[in-house]
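Values in this text are rule-based calculations from the coordinates and carry no lab data. Note that this is a predicted model, so its numbers are computed, not measured. Glycine also receives a Cβ, built like all others from the backbone with ideal geometry; neighbour counts cover every protein chain displayed.
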Amino acid sequence: MLGWGAPVGRLSARLLRVAVGGLVLALGLGALARTGLAQPSGVPVVLISVDGMKPDYVLDADAHGLKIPTLRRLLAEGTHARAVTGVLPTVTYPSHTTMVTGVAPARHGIHYNTPFDPFGKNQDGWMWYADDIIVPTLWGVATRSGLVSSSVDWPVTVGAPITFNIVQYWRATTEDDHKLLEALSTPGLLDEAEKDLGRYPAGYIYTVEADSQRAAFNAWILEHKKPRFHTAYFSVLDEVQHATGPYSTDVFDTLEAIDSMIDQVWRAARAADPRSIICVVSDHGFARYDHTVSVNVAFRRAGLIDVNADGTLRDWRAFTYGPAVMLEDPSDGAARADTRAVLQALATDPATGVVRVLDADEVKRDGGFPGAAFVVGVRPGFAISARVDGPVVQPSDVGGTHGLLRELTEMDSTFIIAGPGIPTGRVLDRIDMRDIAPTLATLMGVALPDAEGTDLLTP
């Protein structure tokens with residue numbers, strides 16, 4: 001279970017910004033109503049993310065024996081990609097932010113799920129706050145265009161410019177988490193919906209039952225608020241794959257349950273407005289692993305990390321940030337050279353699983369981890385661990401991982417779009433995750449000028 005997200009002072013400042021942002025959003029919508037600003041001529045768009053859904057789960061459903069009638073129908077009636085190349089890193093928060101901005105993590109500001117925090121001062125806090133996104137989002141441009149937007153549990157939405165917003169945030173998975181959601185979400189929204197639906201599953205709870213209840217809240221918002229842009233997020237598939245690895249019986253059972261959730265949301269969208277477009281995506285793929293490799297242990301052995309007697313971190317000159325390697329002093333040429341030597345040694349030893357080391361220029365070209373000296377790529381079968389003690393490589397229970405290099409097909413994600421006007425049966429080969437946001441912006445009739453991707457549906 002993850003702990004408190006920020007020290008009290010930082011959290012209080014964040015909450016103040018959220019409150020001010022909500023007031024500004026309300027005043028802005030009121031001003032739009034008073035001026036009679038014409039809304040864009042686009043159509044309603046519903047974006048559903050299924051965390052960790054590999055494209056072959058849907059495209060090769062027969063081979064896997066999967067009963068997913070809703071996803072099959074979307075494939076048949078709409079357009080899909082054979083594969084989506086993700087971002088660096090292939091993890092949840094940077095990927096979801098790219099899908100609503102159309103730019104790479106280095107530009108949008110969400111570089112990883114969590115801040116870089118080698119000493120743990122942030123107490124396991126995640127990048128929950130939308131004010132860390134430094135480029136326009138689909139929600140923001142929709143709001144400025146006078147459109148109603150909504151969201152349920154989409155990552156990085158605390159304080160986002162969303163008209164009806166149930167944020168993603170957790171602390172302790174207790175009653176206090178529900179109070180936090182009430183405080184951080186659109187005022188009164190949870191209470192209003194819960195009168196019809198029962199309790200919302202607040203906190204870090206991602207089970208089939210919890211995501212099924214979130215599906216009901218998504219459908220309720222579509223029915224009662226009739227947004228022109230809505231984002232929905234389901235994470236239980238990711239949880240199950242981390243526990244069992246991809247392609248397990250539990251994974252397939254979970255996906256079949258999610259198929260029903262998608263159907264519920266899709267039906268509600270079409271009932272609210274028959275013109276609605278539904279887009280189903282995922283943020284990354286999955287790879288099986290049974291070994292972990294700790295680059296930090298190798299750094300410690302090389303004198304780049306120092307620990308206390310109890311094994312806690314005392315000092316560092318190089319340290320991992322997910323797959324990235326940060327230098328305490330980027331101008332320290334000796335530390336950079338020593339770090340490079342450690343990484344090269346790992347890459348030349350097949351037993352470590354390290355297959356490629358990106359330098360700073362390559363990291364920059366891939367659009368990830370600004371300020372990183374290197375990024376470490378491991379092959380499927382391995383996961384990178386942040387531990388600072390024990391062996392460099394050690395066996396582990398079989399599980400599933402992501403965060404591997406975006407060039408690996410195991411990390412490919414999913415894109416399916418359907419609805420009135422969407423080409424039927426069209427198959428795109430491989431797309432870039434940055435193409436999703438500009439495609440949806442065009443359908444909504446709004447502009448997203450910062451997007452690096454292209455509209456997939458425009459000839």
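Run the quick spin-label model on Ala337 and Ala172: label points 7 Å from Cα toward the beta carbon, then report their separation in nm to one decimal.
Reported label-point gap for Ala337 and Ala172 is 5.2 nm.
Give the span of segment 189-305's Cα atoms along each principal axis, as three whole-Å numbers ordered largest to smallest.
Over segment 189-305, Cα extents along the principal axes are 61, 30, 26 Å.
Check the straight Cα-Cα distances from Lys121 and name the lysines below 26 Å, setting aside those fewer than 8 residues away within the same chain.
Within reach: Lys179.
With both bridge residues required to lie in segment 289-401, what share of the DSSP beta bridges run antiparallel, to the nearest 5%?
80 percent
Quick one: go through segment 62-90 and flag any residue whose amide nitrogen is under 17 Å from the point 7 Å out along the Cα-to-Cβ line of Ser396.
So the set is 90.
Before rounding to the nearest 500, sum -39500 (n - 2.57) across all DSSP H runs of length at least 4 in the chain and divide by the residue total; then give [θ] at 222 nm in deg cm²/dmol.
Taken over the chain, the calculation gives -11500 deg cm²/dmol.
FRET efficiency for Glu77 and Phe116, Cβ-Cβ distance as r, R0 = 35 Å, nearest 0.05?
For Glu77 and Phe116, the calculated efficiency is 0.20.
What range in the chain is the longest one free of GluC sites (Glu not before Pro) that are in a loop by DSSP and have at most 15 other Cβ atoms within 10 angstrom?
Result for the longest clean stretch: 1-327.
Take Glu192 and Thr424, extend 7 Å from each Cα along the Cα→Cβ direction, and tell me the distance between the two endpoints in nm.
3.8 nm
How much length, in nm to one decimal, is gained on full extension between Lys179 and Ala351, taken as 0.36 nm per residue of separation minus their Cα-Cα distance?
57.1 nm
Pulled fully out, how much extra length does the chain show between Ile134 and Ala447, if you take 0.36 nm times their separation in residues and subtract their Cα-Cα distance?
This chain segment gains 111.0 nm when fully extended.
To check you understand DSSP bridge types, tell me what percent of the beta bridges within the chain (both residues inside) are antiparallel, rounded to 5.
Counting only bridges with both partners in the chain, antiparallel ones make up about 50 percent.
State, to one decimal in nm, how far the label point of Gln123 lies from the label point of Glu407, with both points 7 Å from Cα in the Cβ direction.
A separation of 4.2 nm, rounded to one decimal place.
Starting from the Cα-Cα distance between His291 and Thr249, subtract it from 0.36 nm times their residue separation and give me the gain in nm to one decimal.
12.9 nm
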